[in-house]
1. For the list (1) within 15 Å of the ligand (Cβ to nearest atom); (2) in a strand (DSSP E or B), I need the number of the one condition that VAL164 fails.
2. Go through region 57-87 and give me each residue that's under 20 Å from the mean Cα position of the chain (by Cα) and in a loop (DSSP other than H, G, I, E, B).
3. Taking the options GLY73, GLY57, name whichever one is surrounded by fewer than 13 Cβ atoms within 10 Å (Cβ to Cβ) and modelled with pLDDT of 95 or more.
4. Taking GLY179 and the conditions (1) in a loop (DSSP other than H, G, I, E, B); (2) out of contact with any strand residue (DSSP E or B) (no Cβ under 8 Å at 6 or more places or on another chain), which numbered condition does it fall short on, given that it satisfies the others?
5. Just wondering, is there one or more residues in region 239-246 that are of a type outside the set (D, E, K, R), crowded, with 23+ Cβ neighbours inside 10 Å and under 18 Å from the mean Cα position of the chain (by Cα)?
6. Does GLN192 satisfy being within 19 Å of the chain's Cα centre (by Cα) and either surrounded by fewer than 22 Cβ atoms within 10 Å (Cβ to Cβ) or hydroxyl-bearing (Ser, Thr, Tyr) (or both)?
7. Can you pull out every residue in region 136-152 that is within 15 Å of THR189 (Cβ to Cβ) and within 12 Å of the ligand (Cβ to nearest atom)?
8. Does ILE171 qualify as being part of a loop (DSSP other than H, G, I, E, B), in contact (Cβ under 8 Å) with a residue 40 or more places away in the chain, away from the ligand (no atom under 11 Å from the Cβ) and aliphatic (A, V, I, L, M)?
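The values are calculated or read from the model by the stated rules, or taken from the named source; none is laboratory data. All values reported here derive from a predicted model rather than from experimental measurement. Neighbour counts run over all protein chains shown; Cβ positions are idealised from the backbone, glycine included.
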Amino acid sequence: MTRKTTPAAPGRTLLAAALLLAVLAAGCGKAGTPPPKGPQASALPSYQVRDAASITGSLTLDAARSRGYLVVGAKEDQPYLGEKNPATGEYSGFDIEIAKMVGADLGFGPDRIQFKTIASANRETALQNGQVDFYVGTYTINDNRKKLVGFAGPYFIAGQSLLVRKNNTSIHGPQDLDGKKVCSAAGSTPYQRIRSQYPKARLIGYDTYSACVDNLITGQVDAVTTDNAILLGYAAKAPDELKVVGPLFSQEPYGIGTPKNDTVLRYAIDDALARNEQNGDWKKAYEATLGLSGEPAPTPPPIDRY
Ligand code: GLU
């Protein structure tokens, strides 16, 4: 098992980045090919900002109120889920919409939310140190993490899967990973599952899945593994180069990470999710973002108010 926290040689990284850009750009230019679908601002719901003065006793919310805005942790390189536009600095995607619908319920309109990119391995520390008020970024709820942080939700269920090059014919599921170079994000549940259940895979850990995908496209690794929701986004953006294969081999219920002891905030977020699921905004948000990678809107999972 190798573990790297930064991509290998800088030259190689630049080449990989250039290739990825070329791959992504190719989709736009080909005659007769529709432009790649991306989150469409027009179809996104606009969430009603509520008066949340009755929510009292949350240290996190009190601090955000006196600061004037919320700081929300997110991902910036996950298509249709959490993506940052490098030109405008704006974030978009399903997780970003979830953050905005929750923010509106807590009294903060979208202009009063500052997003901050936090990698998978750094989420618990960011919540513990107060770097973010809450975190929305493909964050699986599990008992180990619950010792360190709180989780509202779940608001979506994903499952671990595999991304390979389009011309790959040898990998159909995790049982085919022996001796293969498999990349995932350090600190993620898919990384840990490969390490413990498929020890013959040659596991490589980077900070981000986009670094893994760069390495997959250039042939440095044979597969990228993480949640299907994330992988379908990469595949949808480079359909001529990449494909998602095999069955889902885990359940990844996505929660909103909160500071562990702030139960007032956690329950308020649970309420916000429930309200938006009922009023149809959750479904609209899904269809305008993650739904574009090909899966129809599921029924949202029941919220676990522990
Ligand atoms: N849902 C998994 C996790 O929380 C993988 C995705 C991610 O790294 O954000 O570890």
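1. Going through (1) within 15 Å of the ligand (Cβ to nearest atom); (2) in a strand (DSSP E or B) one by one, VAL164 breaks only (1).
2. Answer for region 57-87, where residues must be under 20 Å from the mean Cα position of the chain (by Cα) and in a loop (DSSP other than H, G, I, E, B): LYS75, GLU76, PRO79, TYR80, LEU81, ASN85, PRO86.
3. When all the criteria are applied, what remains is GLY57.
4. (2)
5. Taking every residue of region 239-246 in turn, none turns out to be of a type outside the set (D, E, K, R), crowded, with 23+ Cβ neighbours inside 10 Å and under 18 Å from the mean Cα position of the chain (by Cα).
6. Against the criterion (within 19 Å of the chain's Cα centre (by Cα) and either surrounded by fewer than 22 Cβ atoms within 10 Å (Cβ to Cβ) or hydroxyl-bearing (Ser, Thr, Tyr) (or both)), GLN192 qualifies.
7. Matches in region 136-152: GLY137, THR138, TYR139, THR140, ILE141, ASN142, ASN144, ARG145, VAL149, PHE151.
8. Yes; evaluated as a whole, the condition is true for this residue.
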